[in-house]
Amino acid sequence: ETGVTQTPRHLVMGMTNKKSLKCEQHLGHNAMYWYKQSAKKPLELMFVYSLEERVENNSVPSRFSPECPNSSHLFLHLHTLQPEDSALYLCASSQVGASYEQYFGPGTRLTVT
Amino acid sequence: SQQGEEDPQALSIQEGENATMNCSYKTSINNLQWYRQNSGRGLVHLILIRSNEREKHSGRLRVTLDTSKKSSSLLITASRAADTASYFCAPGNQGGKLIFGQGTELSVKP
């Protein structure tokens, strides 16, 4: 256990559905991250929140919408996704300004049909 | 780019042998981190080496850093089948953002 949990672990959704991925960290960290990992591709950094403020948005399509209501929780809201969005979505947290290492959740395996 | 690039892309060894993976990067760094990922799961932080350090050990892991060559290596000694995983390096700066490369896929055969 890394102290970062993600739910659900698996999700199958149609292109017209709306769903949300949830991440929670129990480490007292001040930064949280969303990554996308597709087959045969490097991890792609999607969003970064530091002190609950979004500080990075790497040209992610608007069908992905992050939300960080407090320093322990991070959501990724999904709507009208495409089949190419099928991937493993990983959440991570870190203490910026201190230890720097990131702690990852187990990921949500998303399949868009 | 701050992305680390791992080499080789794939490595297959026998149990008990040592495994060496290399990482190169292009910008100046504050630290460099190594992570492991078992298939379909999240990444696990292995070790962090700061820019003013040259070598660091943790159990069977040895990491070196050469900032003049902008390179790092990860050595796993006396490998075990359980070490089978993908290994990623991530050059880090003070902002905390990490950019991961393709990784090295290590297979340790019993």
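Just so it is clear, none of the values below were taken in a lab; they were calculated from the coordinates. What you see is a predicted model, and the numbers here were worked out from it, not measured in a lab. Quick reminder, even Gly has a Cβ in these numbers, built from the backbone with ideal geometry, and neighbours come from all protein chains shown.
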Rounded to one decimal in Å, the inverse mean reciprocal Cα-Cα distance for the stretch A:29-113, i.e. its Kirkwood radius, is 13.3
Against the 2.2 N^0.38 Å rule of thumb, the C-alpha Rg of the stretch B:1-66 sits at a ratio of 1.19
Mean-square fluctuation maximum in Gaussian network of chain B, Cα pairs under 10 Å, restricted to B:R41, B:R60, B:R50, hits B:R41
Across the alpha-carbon set of the protein assembly as shown, Rg over Rh with Rh taken as the Kirkwood radius works out to 0.97
The convex hull of the Cα atoms of chain B, divided by residue count, gives a volume in Å³ per residue of 90
Quick note, the stretch B:36-81: a/c under 1.5 would make it rounded; otherwise a/b > b/c is prolate and the rest oblate (a ≥ b ≥ c, C-alpha gyration tensor); here it is prolate
Descending packing, highest mean Cβ count within 10 Å first, for B:77-87, A:59-69 is B:77-87, A:59-69
Across the alpha-carbon set of the stretch A:1-44, Rg over Rh with Rh taken as the Kirkwood radius works out to 1.02
Note: B:42-49 gets an average of partner chain Cβ contacts (10 Å, Cβ to Cβ) equal to 5
Across B:G59, B:G92, B:G42, the residue with the highest GNM fluctuation in chain B (Cα network, 10 Å cutoff) is B:G59
Taking the alpha-carbon centre of each part, the distance from the stretch A:1-63 to the stretch B:64-85 in Å is 28
hull vol. (C-alpha, convex hull) per residue for the stretch A:1-77, Å³ -> 112
Between A:T111 and B:D7, the FRET efficiency computed from the C-beta separation at R0 = 45 Å comes out, to the nearest 0.05, as 0.90
Each label sits 7 Å from Cα toward the beta-carbon; between A:K22 and A:V55 the label points are separated, in nm, by 2.7
Partnerless cysteines (no other Cys beta carbon under 4.7 Å) identified across the protein assembly as shown are A:C68
